[in-house]
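A short worksheet on the structure shown next.
The values are calculated or read from the model by the stated rules, or taken from the named source; none is laboratory data. Computed from a prediction, not measured in an experiment: that's the story for all the values here. Cβ placement follows ideal geometry from the backbone for every residue including glycine, while neighbour counts extend to all protein chains displayed.
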Amino acid sequence: MLVPPNTTCDVYRVGVSPPTAPSVAGVSCSLTGIYPQGLERGEGDPLDLKYTHRMLVDMSADIRDDYDAGTIGGNQDVVYVPDQTGTGFSVVFTEIVDLGMPWQHKRVYLVRLGPSYPTNQL
C-alpha cells in the first residue's frame, strides 16, 4: 500500500457486534472521508450503493462486502475505527487495486453508521 496507515479498525462479520470480540482485530488502514464524492456516485443509483469514506488496507486484510451485480445484500462486514469502541462503518464495496504490482492493496468503500452522541469520534 502506497499510503501509510493513519488508524486501525476491528472487523465484524454479520450477526456479531461489539462488545463481542471482533472477527479480525487491529487492521492497519488509511481512512479518508469522501462524503461529497460518495453521494455523487451515479445519480439514480440506490442509496445503499453510496458511501461516505474510503479505506485502504493491505491485501491480507480479510474485509468482505456483499455486492452482487449492482445490489448490496445484508451480509457485509462492519468495521469499527479505531477499534470496537469507535465509530462503525458498513462495507459497501471492496476492490483490489494494482493487482500484480508490489504495492497492490484493497480499497474498501464504507458508509458511516450513526455514532453515539455526544462524540469526539468520526
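Of the residues making up segment 13-31, one or more are modelled with pLDDT of 95 or more, among the hydrophobic types (A, V, I, L, M, F, W, C), loosely packed, with under 11 Cβ neighbours inside 10 Å and more than 12 Å from the chain's Cα centre (by Cα). Checked against (1) surrounded by fewer than 19 Cβ atoms within 10 Å (Cβ to Cβ); (2) closer than 18 Å to residue 23 by Cα, residue 50 meets all criteria but (2). Filtering segment 104-122 to residues that are modelled with pLDDT of 90 or more and part of a loop (DSSP other than H, G, I, E, B) leaves 104, 113. The set of residues from segment 55-93 being modelled with pLDDT of 95 or more, outside any strand (DSSP E or B) and charged (D, E, K, R) comprises 62, 64, 65, 77, 83.
With respect to (1) farther than 14 Å from residue 9 by Cβ; (2) surrounded by 13 or more Cβ atoms within 10 Å (Cβ to Cβ), the lone exception for residue 101 is condition (2).
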